[in-house]
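These notes concern the structure reproduced below.
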Amino acid sequence: MTLGFDREWQLGELLDTSSHEKIGPALSELLGGDFAITDDAGKTFWGQPSPDARREALILELEPIGYLLSRSAPASALMAARNLMLVLLRAQIRFKMASTLHLESVAEDFESLKREHARLSESETRYKTLSTELDARVKKQVGELEERQQMLYEAEKLASVGQLAAGMAHEINNPLGFVRSNLSTFEKYVGKFAEMKNAQGAAAASWQALDLDFILEDSIDLLHDSAKGMERIARIVADLKAFSNVDRASEEYADLNNCLHEAVSMVQTQLPAGINFRFDLLPLPSIVCLPGHINQLFFNVIRNAILAIKDAGRPGEVKISSEADDEGILVRIHDTGVGMTKEQLEHAFEPFYTTRPVGGGVGLGLATARNVIQAHSGRISLDSQPDVGTTVTMYFPTPS
Amino acid sequence: MPESDARHLTFKLVYYGPAQSGKTTNLLRLHDLLAPELKGEVMTMETKDDRTLFFDLLPLGFRAPSGLLIKFRLFTVPGQVAHDGTRKAVLSRADGVVFVADADRAQETNNGESFQSLAANCARVGLDFDHLPLVVQFNKCDLPNAVPEAEIRDRWSAAPWPLVFAVALTGQGIELTFEHLLRTVYRNFGQKLELQAKHGLSEDAFVAGALRKAA
């Protein structure tokens, strides 16, 4: 900083033009008319210095900062004028230095305050950030705890439901077996009764009277209906067993693309009109899995997709895609069916949750699917919009 | 770095220290004792109850053999704690510092705090404290309760700065302090400013020029 209070002040800085215009005439008058003021570089501030004039130096510190010149004034008068001028200049330089220093020190104090302020602001910001972070961390941990608790609750619920399902399946299977067997035996017995139709005499008359022709025919129908009902019970029981993992299969190396094809071939036999399949399957690494369960999983999801399109009452498409990266395999099954509401999405994976009328579905499809996926350390998620369609995304990690 | 042009070289030297340790007295004594080629009056800016509010200034000067005019401008800072902003402004651009401590045992804390503020203020105004020419003067050594010289020397034995024991009122140690400062300043800047090579000015001549005694 060249303009510090401690610079060596020049005459021009100490006395401005108006000061010279007051001092000049006054000293001129006192010194008899011929008078001039110049600075040390020869610049004239007042009067017209002549080369042969007497001059007196103005020294404030060590060196002259200017001169007083007069040709007419006696030496003593010029010296007196210089002394007068020095008193003036000393007062002036003290004022100038003090005020400049004051400004510098005020600026310095202000800088100190600003530094202090910046330091305080910084610490305040730090505390604010800390408190926000703390808040967020507490919230996150509470969230995590709640989530864990929910998962624990779900897991226990699933486990108890699974046990119940396994018990029920076992208990139902036994009577189911003998009822089915009895029904088929009973059908044979009814065939025997039919032979009575060709009998003569009183027997023929009572056959007619009792309208046994109709009864025989209806009996057969009733038996067939019952057998169908039994089959449905058997299917539900099978679903329950799959859901509760009652029949554990052995692990094998399998290509999930093959599993997808198998699942599609199972549904294709009963495929309603107006539904197309589209495949976008990329080569996948084989993974160790339970292929039976995987087939069941894909079957459940694909069946849901078909039913969703059927419910929409319009032609649609099921798009099945698969791809693999370094970490795992991604399978997407997308349909253009009715889609799901937010509320339905929330409950979709709960066992026995179904939107279908009684007899239409048990509500185990997606619950089973999730169990199978979790058994393979994978993830399943749903993305759906009502009237647009649903995408089921399944992820299977591949061991690295 | 001292200000210089072709014909001038100006060193700014600052007397720093706690309140009423005798900084102004140092300047007044130097003015009385020395008679270098050029000597100005002590300019005392403003005082309140005999205490410096802004600064005091004593200009001294002499001519090197080459014709170069060497000027010393000796400043004092206000010692009172409240004037830290002024102290910083006076300290800035200093080429050398005399730290005037008060030998009175009761003033030890003030000395310590003032020395700390010198180090801190040097950093604030951009002076490299580790390489700043510095002389430490313990003033008022004649006081009955002054800390004994041996004790002070022992305490400061690890410090790199010259120690001078002074009684500013009588002038004792005042010139020695200034001489130490001149030598440190010469060693610090002499080479860079080519004082010997270009201006024919040795360290002793440099000291002698500034310290010429009054008759």
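The values are calculated or read from the model by the stated rules, or taken from the named source; none is laboratory data. As the structure is a prediction and not an experimental result, all values here were calculated from the model. Here the Cβ positions follow ideal geometry from the backbone for every residue, glycine too, while neighbour counts run over all protein chains shown.
Quick notes on this structure:
- Of A:Arg115, A:Arg94, all but one fail to be within 14 Å of chain B (Cβ to nearest Cβ), of a type outside the set (Gly, Ala, Ser) and either touching a helix residue (DSSP H, G or I) at 6+ places or on another chain (Cβ under 7 Å) or within 30 Å of A:Leu30 (Cβ to Cβ) (or both); the exception is A:Arg94.
- Among the residues of region A:264-278, just one is at pLDDT 80 or above and either assigned to a helix (DSSP H, G or I) or in contact with a Phe, Trp or Tyr (Cβ under 6 Å, 6 or more places away or on another chain) (or both), namely A:Val264.
- Any chance B:Thr25 is hydroxyl-bearing (Ser, Thr, Tyr), within 10 Å of another protein chain (Cβ to nearest Cβ), at negative phi and touching a residue at least 12 places away in the same chain (Cβ under 8 Å): no
- Among the residues making up region A:9-34, a single one is within 14 Å of chain B (Cβ to nearest Cβ) and aliphatic (A, V, I, L, M): A:Leu14.
- Residues of region B:88-125 satisfying the condition of being over 22 Å from B:Leu60 (Cα atoms), assigned to a helix (DSSP H, G or I) and within 13 Å of chain A (Cβ to nearest Cβ): B:Lys88, B:Ser117, B:Ala120, B:Asn121, B:Ala123, B:Arg124
- Tally, over region B:161-215, of residues that are acidic (Asp, Glu) and under 23 Å from B:Gly22 (Cβ atoms): 2
- Listed conditions (1) of a type in the set (Asp, Glu); (2) in contact (Cβ under 8 Å) with a residue 60 or more places away in the chain; (3) in contact with a strand residue (DSSP E or B) (Cβ under 8 Å, 6 or more places away or on another chain) are all met by B:Glu113, apart from (3).
- A:Glu61 within 11 Å of another protein chain (Cβ to nearest Cβ), free of Cβ contacts under 8 Å to residues at least 60 places away in the same chain and part of a loop (DSSP other than H, G, I, E, B): yes
- Residue in region A:302-314 that is among the acidic types (Asp, Glu), assigned by TED's automatic domain parsing to the domain that holds A:His376 and within 32 Å of the chain's Cα centre (by Cα) present: no
- When residues of region B:50-75 are limited to those that are within 12 Å of chain A (Cβ to nearest Cβ) and of a type outside the set (A, V, I, L, M, F, W, C), the one nearest to the chain's Cα centre (by Cα): B:Arg73
- Unique residue being touching a residue at least 12 places away in the same chain (Cβ under 8 Å) and touching a Lys or Arg at 6+ places or on another chain (Cβ under 6 Å) when the list is A:Asp34, A:Asp39: A:Asp34
- Matching option when the condition is within 14 Å of chain B (Cβ to nearest Cβ) and not basic (Lys, Arg), among A:Asp52, A:Asp6: A:Asp6
- Those residues of region A:64-98 which are among the polar types (S, T, N, Q) and part of a helix (DSSP H, G or I), in sequence order: A:Ser76, A:Asn83, A:Gln92
- Residue match in region A:123-135 (condition: among the hydrophobic types (A, V, I, L, M, F, W, C) and away from chain B (no Cβ under 14 Å)): yes
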